[in-house]
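Note sheet for the following structure.
The values are calculated or read from the model by the stated rules, or taken from the named source; none is laboratory data. These numbers were taken from a predicted model, which means no experiment stands behind them. With ideal geometry, Cβ positions are generated from the backbone for all residues, glycine too; neighbour counts draw on all protein chains shown. What goes into the accessible areas is simple: the full protein's heavy atoms, side chains included, and nothing from ligands, DNA or RNA. Shrake-Rupley method; radii C 1.70, N 1.55, O 1.52, S 1.80 Å.
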Amino acid sequence: MTAKRTPSYRLHKPSGRAFVEIDGRRHYLGKHDLPATEQAYHALVGEWIANGYRLPVPPEEISLLEVCDAYLEHCETYYAPVGGMPSSTLCEIRMVLREVLARYSINPATQFGPNALRAVRKVWIDRDNAISTINARVGIIKRMFKWAASHEMLPEETYRSLATLDGLRRGRGQGKNPVKRKPAHLEDVEATLPHLPHVLQAIVKVQLYTGARPSEILKLRRGDIDCTGEVWTAIIREHKNSFRGKERRLFFGPRAQSVLRTFLLRKDNEYLFSPTDAEKERHSKANGPGRRPDQKPNPKKTDRCIGDHYEAHGYARAISRVCDEHDIPKWTPYQLRHLAATTIEATSDMETAKAILGHAGLDITQVYVHRDNKTAAAWAATHG
């Protein structure tokens, strides 16, 4: 959010009073040039700035729409977009707030109590969402009210009443029990590969050989990869735990290197894996043998713009579509990561798996980074 100009401390000459004009409205502060008057000016302007360039409004006059707008403005800064793209957390917050506003946008925020929250939650229960997903979404709503209370937009009691609504529990009759994600089957992955464009085949193979998260592979740039040494490495600047100050490093052994070499001719600031490559491959097949020399290319059917790199949902959708078309059991990129993790554990140990996968620890504990890098590089030299 761009900072606004700070309103000036001004003199109303006819009356000799000081005033400040905020949002088109004058606020008179008392006799001009008195210390108490200047203090009142600084206090009022300070509240205006701290409240997101809005003057505090009596809580009973604030609608839920205003609270959602203010909280989303805060989230767009707090969960800053990574590489120009909104984070998955920010996208989830927007979706949750839309569900709330679809039912209660004009209602006073102070009247949104546990029963209203329960009604919103029922929508996700009826959609057969998993318990863990529903509880996470309810948690977003509770955090919004906690934030509003901390900024004195709403009384603390409003948040505390919502906090009394317990989360759903497994086996208690409401919500679908979450299903533990299982590894993809290697034979299903291998059956899918021939039907994918060359660039997507490369993404799948590199993810399998490194155990990386899909987003970590999709956002690799040429300049990220250090090709010196037996094992190539890449430091991921923006990743899941970057806000905690954690380093995330990928390791590329011989198999991964053989896949990557085709893509290393790009400029340092270019993404390695571009959907443009897949589009060119598709057009070359469509416009290849069998078409007349003077035949025009097929007209474009949509206004869809091709990005400079794959997004995680597009990558997953491409795999799902191939599985449907060729009657292959479905698998997802994150199941591919689980398959990689299973393979690593089977060929080494849990410590090495932790280092390769970029986890903070075996039991959410920190392990020395230099030790992690050494262990991960040793594994990649043999298996990567």
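Before moving on, here are some points about what is shown:
- The listed residues Lys280, Lys180, Lys219, once ranked by accessible area (1.4 Å probe) with the largest placed first, stand as Lys180, Lys280, Lys219.
- About its Cα centre, the stretch 12-64 has a charge dipole of approximately 260 debye under the convention of +1 per Lys or Arg Cβ and -1 per Asp or Glu Cβ, with nothing else charged.
- Note on Arg143: accessible area approximately 120 square angstrom, rounded to 10, probe 1.4 Å, nucleic acids and ligands left out.
- The stretch 82-174 - charge dipole about Cα centre, Lys and Arg +1 at Cβ, Asp and Glu -1, debye rounded to 20: 300 debye
- A simple count of charges around Pro114, restricted to other residues whose Cβ falls under 13 Å of its Cβ and scoring Lys, Arg +1 and Asp, Glu -1, yields +3.
- Three-way shape label, the stretch 74-190, alpha-carbon gyration tensor, a/c 1.5: oblate
- Heavy-atom accessible area ranking, 1.4 Å probe, most first, across His74, His27, His198, His313: His313, His198, His74, His27
- Cα-based shape type of the stretch 25-135, given that a ≥ b ≥ c are square roots of the gyration tensor eigenvalues and the cut on a/c is 1.5: oblate
- Accessible solvent surface per residue of the stretch 33-145, calculated while the other protein chains remain in place, 1.4 angstrom probe, Å²: 51 Å²
- Taken as Cα centroids, the stretch 1-31 and the stretch 137-214 sit 48 Å apart, rounded to the nearest whole angstrom.
- In this Cβ point-charge picture (+1 for Lys and Arg, -1 for Asp and Glu), the stretch 1-153 has a dipole of about 80 debye about its Cα centre.
- Farthest towards the positive end of the charge dipole of the stretch 98-197, among the residues Gly139, Gly113, His151, is the Cα of Gly113, using unit charges on the Cβ of Lys, Arg, Asp and Glu.
- Distance between the 7 Å Cα→Cβ label points at Thr332 and His74: 3.0 nm.
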